[in-house]
1. Which one of these does C:LYS318 not meet: (1) touching a residue at least 60 places away in the same chain (Cβ under 8 Å); (2) more than 30 Å from the chain's Cα centre (by Cα); (3) facing another protein chain (nearest Cβ under 10 Å)?
2. Does B:ILE120 qualify as being surrounded by 19 or more Cβ atoms within 10 Å (Cβ to Cβ), touching an Asp or Glu at 6+ places or on another chain (Cβ under 9 Å) and either in a helix (DSSP H, G or I) or not assigned by TED's automatic domain parsing to the domain that holds B:CYS15 (or both)?
3. Can you name the residue in the stretch A:1-50 that is charged (D, E, K, R) and touching a residue at least 60 places away in the same chain (Cβ under 8 Å) and is also nearest to the other protein chains (Cβ to nearest Cβ) among such residues?
4. Checking the conditions here, which among C:VAL118, C:VAL169, C:VAL113, C:VAL176 is among the β-branched types (Val, Ile, Thr), more than 14 Å from chain B (Cβ to nearest Cβ), within 28 Å of C:LYS468 (Cβ to Cβ) and surrounded by 24 or more Cβ atoms within 10 Å (Cβ to Cβ)?
5. Kindly indicate which of C:LYS67, C:LYS53 is basic (Lys, Arg) and part of a loop (DSSP other than H, G, I, E, B).
6. Could you please give the count of residues in the stretch C:427-452 that are touching a Gly at 6+ places or on another chain (Cβ under 7 Å) and without any contact (Cβ under 8 Å) to a residue 60 or more places away in the chain?
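The values are calculated or read from the model by the stated rules, or taken from the named source; none is laboratory data. None of these values were measured; they are calculated from a predicted model. Neighbour counts are summed over all protein chains in view; Cβ atoms, including those assigned to glycine, are modelled from backbone coordinates with ideal geometry.
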Amino acid sequence: MEVWEGPTDILGIGLYHSITSRMNEDSDYRQFINDLELNVVVDLGFYPLMIKFKKESLEITRVIEKADVTLKVNAQDLFDLTEGKSSMIWFFLKRKLKIKPFLKLFKVYKIFSKAF
Amino acid sequence: MTDEISKYKEEIYSCTRCGTCKYIYHVYDDSCPSGKKFRFETFYPSGKLHIARGLLEGKLEWSERIRDILFSCPLCGNCETQCQCRQHDVLVDIYEALRADAVSHGVGPLPSQKVFAEAIEKEHNPYKEDHTNRLNWKEGIESEVPQKEAAEILYFVGCTSSYRQKDLAQATVKILNKTGVDYTVSEDEWCCGSPIMRTGQLDSVEDVVKHNLDLIKKIGAKKVVTSCAGCYRTMKVDFPKYAEQLEGVEILHITEFLQQMIEAGKLELPKKLENVIVTYHDPCHLGRHSGVYDAPRAIIQAIPGVTLIEMSRVRENAWCCGAGGGVKSGFKDWSVEISAERIKEAEETGCTILLSACPFCKTNLQDAIKAANSKIQLMDIVDLLNKLI
Amino acid sequence: MLQQTEDHDQISEKLGKIVGKEFISNHPEELLIYSYDMTEHPPNNPDYVVMPKNVEEIQEILKLANKNKIPVVPFVTGSNIGGLTIPLKGGLIVDLKRMDRILHVNTEDMYMVIEPGVTFGHVYKCFKNDYPHFRYCYPFAPPFASVMANALLGGLNNLSLKYGCMSEVINGIEAVLPNGEVVKIGTCMCWDDQWWGRVPMPDLLGLFTSWQGMTGIVTKIALQIWPRKPIRDYKFIVSNDLVATYKLVKKLATADIMNDILLTSIETIKMVLGVPLGQAVHLEGEPRWATILDFSANTQKEYEAKADIIENLFKELKSVDPKAAYSSIDNAVKLFGEKFDAFQKMPMTIGGMLEYGGLTWVGTYMTSNPDTVVKGVHTAFELIEKYNFEKCLYTRMMKGGHYYAFRFLLRFSKEKDGETERMRQLNQELFESLFELGAFPYKTPAEFTDKILARCDKNWAKLLKTVKTAIDPNMIMNPGRWGFK
């Protein structure tokens, strides 16, 4: 019998699906995510979510612990991004997408540009 | 007495009878042979689940009516494809559990199905043929058929090819010989157990599974190749339920194996056909149950001069040939009726040849062609390839 | 249940002669399956299940039933979610599945004539293959549901914003009365091949709509169809402010530019996505509401104009509810998975709704007055929380804003001890509370009708009885409903 995987909050569901569906489609991306060890906090303006990339496993939770990087973008901008109305780079330049620390920009881009 | 259905209680109670299992999703062609024929809710997949529920709750008792409902299902698994709910992937398991319980409660199977269980126990094949004659299909080509103590590949012929579709066994051997691979057949092959597994007659299952696994081990085969979809499904999907899998042994259907050979350049098809239109029937045990859809098609498309025109219900939506699940022996006429619908569908493609990849499908489709006086020619893919090498 | 008399066997034999022995059953297996549905309504066994193939067989069945005063319940798929095909007094279930032809599609007057066994799946297939420039409309239900039953029971579909509940798009019917006579209603009463309307003759359709099969068995129905516009798009909005969101919904509805507007709770979205039973709850901080918008256009210019109106109204909402966000359903599918496609690819089976064995609702139609709607939401939410079920709200503006469809999709497990009874209690309280607010349950289950009859205009109840008695003096048709014991 099919079993539900992943979080049950609506934003967590979206994030989980975005990442895992891309992993299913793209073997390089899958390898990249499976090799990743990183804690990312994503704040879409409703509540923050913690994504734990734990090498071969992915957990998305509302319990916020110490993050390696924080990503802030509001939901409307995220929708515009995923609809192709703009790009992560442009949003970053326009300060619609905030990444802390800045040095993690490339890694964040690599994770989310494919997922979104 | 067994109580197999209790293992699926959660799945059984999940069904709301939404009816999605009754048709091909988004296409709305018929998908369920027994539902289409008998029409009462009980004969559809959801109906069977609710019968299981009635039994679990004590609201129903085992009866001949339940037996007829359960055993009229060819276990094609189309419902598993069409059901959009979480319990979709265990529906056939539930029907087999119901059958096992029916048998243990003395209500099943149908009398004609008991016969082949006895035959499997005694002669290791469902056809009541002498086991010692298992390799009689070699007649005329004895020197071409390797029988070794050990080999890389075991060609598991299966009972239907051994005793009924001997041409298919011979054609397979000829093709295998062309590939130059190291393989053998064995006179010690027993029925894979599919007929008794599908009809809930589980007493001898562990014995046949263990025997066949021991045989593979004895030969030291790294690959087992079979030309029967039923044997393939059974060895791949069912054997692990009854015994520990053999490490490093790959089970292949002949179409998977031949696709590999063609792609590796180890099998050439020097002869050509002239503008032949073919269509392909997906055997349930090869397609839906085991996920093999592309290999047969890749082979067909590699044949020069052949055009493949698909029927309207193919791959995971394929209409059953009607032979499986014990229906061929339990409901002879109706089994051919189901097949006749498939023949009609094949004719609608304008094809001259209907291809399949299962000797049991071939038997039933042939019966339907005969009954309908159809002009369509039926061949196994292996038969066709054999003409081209 | 029928009394076990000598006549029992004779009836069995006669029924067998009418439909053929293979299409009649009184086996316990069939009787059990047909005795209940997915809802919490208690089961009751029929005495027989018969499956006729044509009008003549139905006539004979009803004459026999009428003569012997045997209850008759028409059935196609049993998915009305009101327990309406549970035979409260036993008798015959007449399963109409074998009558599954789409008889005629008239593209000039734009209607189709179909038999009772035609499902939404059949209609979808027919139109996709043979009439791609036309469309019917679909409920939030699996494809295997009877189009006729949906219409006769006043169900709602994804064009109900424009046209109202489905009984409002019926052009005519043919029905077999309890005495076996066949009646035609609408223009077809004069011309066999003309089913374009029910005007301007005295309209008798009301003798069959929302009567739950109590006045006869409808054997043909003509339903309006519509041209399929070349451009169609779907959007969704997430928001938190119910009042502001409803205001947007009402404005859009009265702007007369939309096909459909669904206002749902976030729990409904989660259920659609497949979140397990009991876990489709609103968590703190999550967006509260989701609104699905469906609109089409004949030209790109028209499309852009409509999209403009929607976006401007969305901006109004956002000025009050800054976290609100707006996007396309395609984007939602990309983000949340293909199950989100359910909103734009009807008919579709929503697994999350149907995979726990039990589904029910108190489905109502009510005023579209915002105060009442908001009050209804709060009242219902409190009750559902009290009984610890999921607040899967699913609402739709009807007929351009003239009324409102208000219901909760309540899934539950029949396996868990006590859950069915708890759901029954919830539904009773929900009905009572919503009824007090002016919400009328459609596909009205039997246990609510007593309260309605107690409150309604006495002369209406009197007229109901007069009509029923005239048409069905022996009270054989689906007895036990609307006070007819």
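1. (1)
2. Answer is no for this residue.
3. So the residue we want is A:ARG22.
4. Step by step, each of C:VAL118, C:VAL169, C:VAL113, C:VAL176 is checked, and only C:VAL176 is among the β-branched types (Val, Ile, Thr), more than 14 Å from chain B (Cβ to nearest Cβ), within 28 Å of C:LYS468 (Cβ to Cβ) and surrounded by 24 or more Cβ atoms within 10 Å (Cβ to Cβ).
5. Exactly one of C:LYS67, C:LYS53 is basic (Lys, Arg) and part of a loop (DSSP other than H, G, I, E, B), namely C:LYS53.
6. 2
Results for (1) more than 27 Å from C:MET258 (Cα to Cα); (2) in the same structural domain as C:GLU40 (by TED's automatic domain parsing); (3) modelled with pLDDT of 95 or more, shown as yes or no for each residue.
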| position | (1), (2), (3) |
| --- | --- |
| C:LEU359 | yes, no, yes |
| C:VAL377 | no, no, yes |
| C:MET398 | no, no, yes |
| C:GLU421 | yes, no, yes |
| C:LEU426 | yes, no, yes |
| C:ARG455 | yes, no, no |
| C:ASN459 | yes, no, yes |
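Residue-wise test of (1) within 23 Å of B:LYS37 (Cβ to Cβ); (2) surrounded by fewer than 24 Cβ atoms within 10 Å (Cβ to Cβ).
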| position | (1), (2) |
| --- | --- |
| C:HIS27 | yes, yes |
| C:LEU32 | yes, yes |
| C:TYR36 | no, yes |
| C:THR39 | no, no |
| C:PRO46 | yes, no |
| C:LYS63 | no, yes |
| C:ASN66 | no, yes |
